[in-house]
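Let me begin by presenting the structure, written as structure tokens, before commenting on it.
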Amino acid sequence: MKVSEIFYSLSGEGIHAGIPTIFVRLAGCNLRCAWCDTEYALGGGEDWSVSRVAGAVRDIAHGVFVSCGRRVRWILITGGEPLIQWPEVYELIIDIKRDGYLVEVETNGSIEMPRGVLKLVDSWNVDVKCPSSGMSYGSFKPSWLKRMRKQDQLKFVVGTEEDLDFVRNFLSSNRLHRPTILVSPVIPGFGELWVQKVAELCKEQNVRMSLQIHKLIWGKERGR
């Protein structure tokens, strides 16, 4: 596997925001989004075996347990785009779930997964690219909408008024009752008024707002 970094932190966004989590960040991505906040993971990475990655996860989890007596429950597999390494990711999920971990996978929604493997993941976090990302046209696979469950998340990162209209049109065209809908304002740098405008959209559409708390706490520092 091409690995960018493995570390322990708080989940920064989505329905698990604030939960202590072990991150497995894989290297490589098939898209180049304007708002990418992990450009260092777009390429390169180190070659690791699946067993080595699983071992690193267990070592971190053991260290946390020894220090505080409480077990880490969630593992987040992210990128880059982890699904471009799906055969290895599949093996990794099978391996670490033997120890009872819960697994979340973040994906940009451009790669379809066979229906039978979707249930292996405890929560999918699927990104729908908005116009300002430069990647909206043709990147999202609509088949995700039919397969997502209540524990899954559909996320929109918004940076412009056009993006807000895109979200409105997407939600009106797709009646989504199962996944949690997340709208995340691009921050920092866009200011309080933009965050408030996104909050008003979330009220209007009755969907959940997601702030990237890791950026608010640590900025762009890696491994956080």
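Below, the figures for the structure above:
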item: Residues of region 136-157 that turn out to be of a type in the set (Asp, Glu) and out of contact with any Pro (no Cβ under 7 Å at 6 or more places or on another chain), as a count; result: 0
item: Residue check, TRP194 farther than 16 Å from CYS33 by Cβ and part of a helix (DSSP H, G or I); result: yes
item: Residues located in region 197-220, provided they are farther than 22 Å from ASN169 by Cβ and in a helix (DSSP H, G or I); result: ILE213, HIS214, LYS215, LEU216, ILE217, TRP218
item: Region 136-195: number of residues that are more than 19 Å from GLU106 (Cβ to Cβ), among the hydroxyl-bearing types (Ser, Thr, Tyr) and modelled with pLDDT under 90; result: 1
item: Candidate set: region 17-37, residues that are in contact with a Gly (Cβ under 7 Å, 6 or more places away or on another chain) and over 21 Å from ARG208 (Cα atoms); chosen: the one surrounded by the most Cβ atoms within 10 Å (Cβ to Cβ); result: LEU26
item: Qualifying residue in region 114-125 (condition: surrounded by fewer than 21 Cβ atoms within 10 Å (Cβ to Cβ), closer than 20 Å to LEU42 by Cβ and in contact with a helix residue (DSSP H, G or I) (Cβ under 6 Å, 6 or more places away or on another chain)); result: no
item: Residues located in region 1-16, provided they are outside any helix (DSSP H, G or I) and either modelled with pLDDT of 95 or more or touching a Gly at 6+ places or on another chain (Cβ under 9 Å) (or both); result: MET1, LYS2, VAL3, SER4, GLU5, ILE6, PHE7, TYR8, SER9, LEU10, SER11, GLY12
item: Leading residue by the ranking (farthest from LYS215 (Cα to Cα)) among those in region 38-57 that are crowded, with 20+ Cβ neighbours inside 10 Å and among the small types (Gly, Ala, Ser); result: ALA54
item: Within region 62-83, tally of residues that are buried (at least 18 other Cβ atoms within 10 Å of the Cβ) and in contact (Cβ under 8 Å) with a residue 40 or more places away in the chain; result: 9
item: When residues of region 97-113 are limited to those that are among the small types (Gly, Ala, Ser) and over 30 Å from HIS62 (Cβ atoms), the one surrounded by the fewest Cβ atoms within 10 Å (Cβ to Cβ); result: SER110
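The values are calculated or read from the model by the stated rules, or taken from the named source; none is laboratory data. All of these numbers come straight from a predicted model, not from anything done at the bench. In this analysis, Cβ positions are derived from the backbone assuming ideal geometry, glycine residues included, and neighbour counts consider all displayed protein chains.
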